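To start, the structure under review is shown below, and the notes come after it.
The values are calculated or read from the model by the stated rules, or taken from the named source; none is laboratory data. On a predicted model such as this, the values are computed, not experimentally measured, just so you know. Cβ placement follows ideal geometry from the backbone for every residue including glycine, while neighbour counts extend to all protein chains displayed. Accessible surface areas use protein heavy atoms only, side chains included; no ligands, DNA or RNA. Shrake-Rupley method; radii C 1.70, N 1.55, O 1.52, S 1.80 Å.
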There are 2 protein chains.
Amino acid sequence: MTSDTTKRFAVAELHAFAASALQAAGLRSGDAETVADALVQADCRGAASHGLIRLPFLIARVRDGGANAQAQLQTVVDAPAIAVLDANGALGPVAASHGMRLAIEKASQAGVGVTTVRNSDFIGTCAHSAMLALDAGMIGMTWTNGHPGMAPWGGRANGIGNNPLAFAIPGGRGAPVVLDIAMSVVAGGKVRHAAKTGEQIPHGWVVDAQGNDTSRPEDFPAGGALLALGHKGYGLAVVGEVLGGVLAGASILGGIPQWFTATDKRVGNGHFHMALDLSRFVAPGQFAERMDELRNSMRDIARRPGVEEILLPGEGAERREREALANGVALPEAVIGDLAGLASFYNLIMPQALA
Amino acid sequence: MTSDTTKRFAVAELHAFAASALQAAGLRSGDAETVADALVQADCRGAASHGLIRLPFLIARVRDGGANAQAQLQTVVDAPAIAVLDANGALGPVAASHGMRLAIEKASQAGVGVTTVRNSDFIGTCAHSAMLALDAGMIGMTWTNGHPGMAPWGGRANGIGNNPLAFAIPGGRGAPVVLDIAMSVVAGGKVRHAAKTGEQIPHGWVVDAQGNDTSRPEDFPAGGALLALGHKGYGLAVVGEVLGGVLAGASILGGIPQWFTATDKRVGNGHFHMALDLSRFVAPGQFAERMDELRNSMRDIARRPGVEEILLPGEGAERREREALANGVALPEAVIGDLAGLASFYNLIMPQALA
């Protein structure tokens with residue numbers, strides 16, 4: 001939580017508000033609920049950059065025609081363990097949830113289910129759809145491609161998306177393991193935030209327009225580029241471009257417009273979803289015990305100076321989510337203002353801050 | 001190639017020699033060929049740390065009883081799209097090749113095939129088994145767990161394997177995309193090499209026994225630990241531990257001995273293999289064209305100072321492999337000495353260096 005978060009709101013109220021706004025913008029009720037889920041979950045789990053801050057942009061995409069509010073998702077390939085979906089321009093969380101649900105359905109029959117989705121839109125967090133597998137006691141995986149906002153390894157200009165990847169894994173007695181990572185060192189939003197607050201950034205995050213190291217965050221929007229997480233991050237971004245883009249028959253690389261500026265253009269990116277029914281591979285009780293062993297083993301490792309606890313991916317997010325569900329989620333003033341603007345535009349009741 | 005590589009050998013001769021030595025150590029002919037393939041391929045593709053330098057250790061594992069020369073691999077779960085294998089202590093490349101071949105067979109029916117392997121041994125490169133999918137025109141993926149030689153994020157002691165992951169993807173008119181990465185910043189072998197040559201290492205590669213940054217490579221074997229590729233690398237190592245270990249019903253974490261020191265102990269680690277029949281998802285011609293587009297797009301990005309070319313993962317390795325097949329592969333004196341030792345021990349004809 002940053003210092004400009006001043007007011008807290010009940011999670012259920014924010015969810016209902018977001019769903020109402022999306023319905024007012026033209027989405028069917030179920031799809032509006034799905035997108036609201038994705039946004040509010042991100043705020044609750046500490047991924048505020050993918051939370052309600054995005055609601056005005058998503059609504060702009062629908063209003064300006066880039067996204068298709070009433071899209072009918074079409075299954076273009078259907079086999080017992082795999083499927084290919086055409087999302088027909090549905091908002092990303094709608095397309096991704098549909099893709100993952102179908103993968104889960106297939107995995108419940110075949111042990112594994114893989115689906116690809118083409119003609120999608122900005123996915124939001126990959127964790128949201130991957131985590132749908134948890135309710136079925138399965139392992140979920142979502143990988144997407146996107147607008148090229150990162151330099152390839154050795155490059156100094158944007159050339160490929162930072163193509164986020166998420167895994168969600170049932171966690172035994174503890175939180176599920178949820179890993180959700182983009183293949184750049186840091187997200188572009190973090191660099192833009194530093195530019196706003198006048199902070200310097202470490203070398204290695206971005207290069208300037210000439211391809212040189214820089215600690216000035218303002219060099220990034222001025223023609224610079226995000227750097228990949230080493231050659232390994234670049235390599236994973238390439239694999240994400242193949243699985244989420246090429247294999248899906250989706251748009252790739254420069255064929256994908258920037259979703260939040262080109263709000264009237266089809267994004268057309270794609271995703272790859274996999275569900276694994278772990279009970280077909282090992283006894284679920286044994287799986288759960290080993291996950292507990294994994295968590296406990298990491299916790300018992302000697303720590304570096306200043307480190308309080310060693311966590312599995314997703315443990316911290318689950319704690320934040322519990323806290324948000326109990327005590328509300330804090331929103332920055334700017335986001336509150338955006339929501340108030342939508343309330344006024346669509347004549348909705350603005351959620352009240354908690355006392 | 002490092003400066004101490006003085007002599008070159010014909011690839012086919014090295015392959016035949018390695019296979020003969022492994023057969024002499026007790027492996028069946030087909031399994032000996034598979035292990036020889038894996039080792040020589042690594043030398044040819046520039047991964048010398050996983051090449052013939054490992055042959056004496058693998059033979060020691062068989063001789064000392066840690067690995068099972070005559071292992072019969074057993075399918076313990078078999079379904080149309082998935083399988084679980086018990087490798088019964090077979091050498092890793094044998095277990096992994098078997099696992100990937102079965103995944104390919106399943107994918108040719110179901111579109112996707114996933115296999116897990118338990119009771120395996122040191123896998124060598126993950127690329128070797130992943131690349132078996134290429135011959136079938138498929139995408140291959142191999143993920144393994146291993147001895148805990150890396151600190152978890154925030155930790156200062158070894159706690160988890162650096163759990164390598166490989167993808168192999170048909171590359172259109174160009175080289176296949178082959179990504180093979182461990183989840184540490186660098187391999188332990190690189191740090192040990194710097195310690196031998198007296199070089200300093202950059203901060204961020206390892207921590208010393210107290211968990212502090214160090215540029216002294218000798219701090220690593222003296223109780224220090226390899227660092228993960230950030231929290232993202234740690235998170236991926238955890239997922240690799242789950243897919244390659246927990247889901248496979250294999251040994252995990254501290255249950256896995258160090259394969260090259262505990263040569264009389266079963267390693268017992270596991271792998272996860274996936275094959276995707278891309279032709280079930282998109283037209284193969286379209287897939288190939290988009291892979292060419294991907295390669296050409298990366299090549300056309302403006303480069304950082306000093307960078308000659310932007311490649312896809314695996315392009316450099318393929319060039320090295322072609323060069324090795326044409327002109328032989330260079331081996332360091334120490335490796336040549338090891339091979340000569342095996343030749344003498346098993347009464348085999350030592351390959352002759354090329355003129």
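Got a sec? Which of B:Ala175, B:Ala250 is surrounded by fewer than 23 Cβ atoms within 10 Å (Cβ to Cβ), under 21 Å from the mean Cα position of the chain (by Cα), at pLDDT 95 or above and not in a strand (DSSP E or B)? Step through it out loud before you land on a result.
On the way: B:Ala250 fails: surrounded by fewer than 23 Cβ atoms within 10 Å (Cβ to Cβ).
On inspection, the qualifying residue turns out to be B:Ala175.
I need the full set of residues from segment B:178-194 which are open to solvent by 20 Å² or more (accessible area, probe 1.4 Å), within 10 Å of chain A (Cβ to nearest Cβ) and assigned to a loop (DSSP other than H, G, I, E, B), in order please. Within segment B:178-194, B:Ala182, B:Val185 meet the criteria.
Quick one: in segment A:293-314, of everything that is not in a loop (DSSP other than H, G, I, E, B) and not acidic (Asp, Glu), which residue is surrounded by the fewest Cβ atoms within 10 Å (Cβ to Cβ)? Only one residue fits best here, namely A:Asn296. Pairing residues of segment B:66-85 that are within 14 Å of chain A (Cβ to nearest Cβ) and farther than 16 Å from B:Phe272 by Cα with residues that are polar (S, T, N, Q) and buried (at least 19 other Cβ atoms within 10 Å of the Cβ), at Cβ distances under 8 Å and at least 6 apart in sequence or on separate chains, gives no pairs at all. The single residue among B:Glu308, B:Glu315, B:Glu323 that is closer than 29 Å to A:Leu226 by Cβ and over 19 Å from the mean Cα position of the chain (by Cα) turns out to be B:Glu308.
When B:Asn269 is tested against (1) more than 25 Å from A:Ala275 (Cβ to Cβ); (2) more than 7 Å from chain A (Cβ to nearest Cβ); (3) assigned to a loop (DSSP other than H, G, I, E, B), exactly one condition is not met: (1).
Among residues belonging to segment B:326-337 that are part of a helix (DSSP H, G or I) and among the hydrophobic types (A, V, I, L, M, F, W, C), point out the one that is nearest to the chain's Cα centre (by Cα). Show your work before the answer.
To start, the set of residues in segment B:326-337 that are part of a helix (DSSP H, G or I) comprises B:326-327, B:333-337.
Right, trim to among the hydrophobic types (A, V, I, L, M, F, W, C) and you get B:326, B:334-336.
Numbers: B:Ala326: 23, B:Ala334: 21, B:Val335: 18, B:Ile336: 21 Å.
Taking the candidates together, the pick is B:Val335.
A search for C-beta distances below 6 Å between a residue of segment A:322-333 that is closer than 9 Å to A:Cys44 by Cβ and any residue that is among the acidic types (Asp, Glu), counting only pairs 6+ apart in sequence or on different chains, returns A:Val329/A:Asp43.
For A:Met138, the criteria (1) buried (at least 24 other Cβ atoms within 10 Å of the Cβ); (2) under 18 Å from the mean Cα position of the chain (by Cα); (3) farther than 30 Å from A:Asp219 by Cβ hold in every case but one, which is (2).
Every residue, every condition in (1) in contact with a His (Cβ under 9 Å, 6 or more places away or on another chain); (2) open to solvent by 30 Å² or more (accessible area, probe 1.4 Å); (3) β-branched (Val, Ile, Thr); (4) at pLDDT below 95, yes or no:
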{"residue": "B:Arg8", "(1), (2), (3), (4)": "no, yes, no, no"}
{"residue": "B:Ala16", "(1), (2), (3), (4)": "no, yes, no, no"}
{"residue": "B:Gln23", "(1), (2), (3), (4)": "no, yes, no, no"}
{"residue": "B:Glu33", "(1), (2), (3), (4)": "yes, yes, no, no"}
{"residue": "B:Asp37", "(1), (2), (3), (4)": "yes, yes, no, no"}
{"residue": "B:His50", "(1), (2), (3), (4)": "yes, yes, no, yes"}
{"residue": "B:Arg63", "(1), (2), (3), (4)": "no, yes, no, no"}
{"residue": "B:Ala67", "(1), (2), (3), (4)": "no, no, no, no"}
{"residue": "B:Ala71", "(1), (2), (3), (4)": "no, no, no, no"}
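B:Thr116 satisfies every condition listed in (1) touching a Gly at 6+ places or on another chain (Cβ under 7 Å); (2) open to solvent by 10 Å² or more (accessible area, probe 1.4 Å); (3) over 30 Å from B:Thr214 (Cα atoms) except (2). Looking across segment B:143-172 at every residue that is under 27 Å from B:Ala133 (Cα atoms) and open to solvent by 20 Å² or more (accessible area, probe 1.4 Å), the one that is farthest from the other protein chains (Cβ to nearest Cβ) is identified as B:His147. Give segment B:195-219 a look and list any residue that's closer than 25 Å to B:Ala166 by Cβ and crowded, with 20+ Cβ neighbours inside 10 Å, or say none. Once the filter is applied, which keeps residues that are closer than 25 Å to B:Ala166 by Cβ and crowded, with 20+ Cβ neighbours inside 10 Å, segment B:195-219 yields B:Trp205, B:Val206.
Please specify each residue of segment B:299-309 satisfying the condition of being among the hydrophobic types (A, V, I, L, M, F, W, C) and either more than 7 Å from chain A (Cβ to nearest Cβ) or within 17 Å of A:Val238 (Cβ to Cβ) (or both).
Keep residues of segment B:299-309 that are among the hydrophobic types (A, V, I, L, M, F, W, C), which gives B:301-302, B:307.
Answer for segment B:299-309, where residues must be among the hydrophobic types (A, V, I, L, M, F, W, C) and either more than 7 Å from chain A (Cβ to nearest Cβ) or within 17 Å of A:Val238 (Cβ to Cβ) (or both): B:Ile301, B:Val307.
Of all the residues in segment B:98-125, those that are of a type outside the set (D, E, K, R), under 13 Å from B:Ala136 (Cβ atoms) and not in a strand (DSSP E or B) number 8. Any idea which residue in segment B:272-298 is nearest to B:Met100 (Cα to Cα), counting only those that are facing chain A (nearest Cβ under 9 Å) and either in contact with an Asp or Glu (Cβ under 9 Å, 6 or more places away or on another chain) or basic (Lys, Arg) (or both)? For segment B:272-298, the residue satisfying everything is B:Arg280.
Out of A:Gly233, A:Gly244, I need the residue that is open to solvent by less than 20 Å² (accessible area, probe 1.4 Å) and at the interface with chain B (Cβ under 10 Å from one of its Cβ atoms). Which one? It would help to see each step written out before you state the result.
Details: A:Gly244 fails: at the interface with chain B (Cβ under 10 Å from one of its Cβ atoms).
It is A:Gly233.
Quick one: is A:Ala222 in the same structural domain as A:Phe272 (by TED's automatic domain parsing) and either assigned to a loop (DSSP other than H, G, I, E, B) or under 28 Å from A:Met298 (Cβ atoms) (or both)? If you could, list the steps in order and put the result at the bottom.
On the way: in the same structural domain as A:Phe272 (by TED's automatic domain parsing): no; either assigned to a loop (DSSP other than H, G, I, E, B) or under 28 Å from A:Met298 (Cβ atoms) (or both): yes.
No.
Taken over segment A:58-97, the criterion of being outside any helix (DSSP H, G or I) and touching a strand residue (DSSP E or B) at 6+ places or on another chain (Cβ under 6 Å) is satisfied by A:Leu73, A:Gln74, A:Thr75, A:Val76, A:Val77, A:Ala81, A:Ile82, A:Ala83, A:Val84, A:Leu85, A:Asp86, A:Ala87.
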